[in-house]
Each structure stands twice: as structure tokens, then as C-alpha cells.
1. Has the range 67-75 got at least one residue that is free of Cβ contacts under 8 Å to residues at least 60 places away in the same chain and assigned to a loop (DSSP other than H, G, I, E, B)?
2. Can you find, within the range 52-66, the residue that is nearest to Asp15 (Cα to Cα) among those that are among the aliphatic types (A, V, I, L, M) and touching a residue at least 40 places away in the same chain (Cβ under 8 Å)?
3. Take the residues in the range 2-53 that are among the polar types (S, T, N, Q) and touching a Pro at 6+ places or on another chain (Cβ under 8 Å); name whichever of them is modelled with the lowest pLDDT.
4. Given the options Leu13, Leu43, Leu26, name the one that is assigned to a strand (DSSP E or B), surrounded by 12 or more Cβ atoms within 10 Å (Cβ to Cβ) and in contact (Cβ under 8 Å) with a residue 40 or more places away in the chain.
5. What number of residues in the range 29-40 are within 16 Å of Glu86 (Cβ to Cβ) and assigned to a loop (DSSP other than H, G, I, E, B)?
6. Of the residues in the range 29-40, how many are in contact with a Lys or Arg (Cβ under 7 Å, 6 or more places away or on another chain), without any contact (Cβ under 8 Å) to a residue 40 or more places away in the chain and β-branched (Val, Ile, Thr)?
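The values are calculated or read from the model by the stated rules, or taken from the named source; none is laboratory data. Note that the structure is predicted; figures quoted are calculated from it, not measured. No Cβ is skipped: glycine too gets one built from the backbone with ideal geometry, and neighbour counts run over all protein chains shown.
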Amino acid sequence: MLPPNSRETCQRLRDAALGVHALDVLARTPEGQVQVRIDGWQLTLLLDAEGLAQCSHCRTPDGQEAGLEHWHRYGTNPTELLSIWERGRIEQLVATTRERLE
């Protein structure tokens, strides 16, 4: 099977932004990495001083994984496919959602 592509991964972020699926924060690091779960997908998001910078990794519910090495080959990161509103909404959700212990 092929790893999830950037559009599939972006769709999870869109679904969270639109409220179709909940975004659960699993962990945060001081360096700005945030692990989230959306509809069974686990994503590692990177935030910087300007907000959502990129998605560096994802794992699907069935265990398929993809990351920067897959998305940069095609010149696009899942976060680049989001609208400005969707990006802002994801930033809000990440900022206001408490961490959940697995």
C-alpha cells in the first residue's frame, strides 16, 4: 500500500477545522511540536512564532505512515493545502484543546 498522500492528510485537518471530526491534542513539546488525533489519524504538527508551520508526520488508523520525505518529493505539505481560515481554525483548536492521555 502507498503511504497517505498530502491531500488525504490535509482532509483530516479540514475535517477538524470544519468540526466534522474532533481534534484531540495528545502531546506537546517546548519546541512547538504538537501530536494530535483526528478521526483515528495521528498527526505531528509543527508550530512556530507565526502559527501552523507544517505537518511533519502522519499515521493512519491502519498503520500507514508518511512524513516530510514523502510530501517534499511532490513539493507540497498538507498544511499548504489549507485555506487561511482552515489554518487559523486548526491553530485555535490546538491552542484551546487540552492534552488527552492515551
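1. yes
2. Result: Leu52.
3. Within the range 2-53, the match that is modelled with the lowest pLDDT is Ser6.
4. Leu26
5. Final tally of qualifying residues: 1.
6. Residues meeting the conditions: 1.
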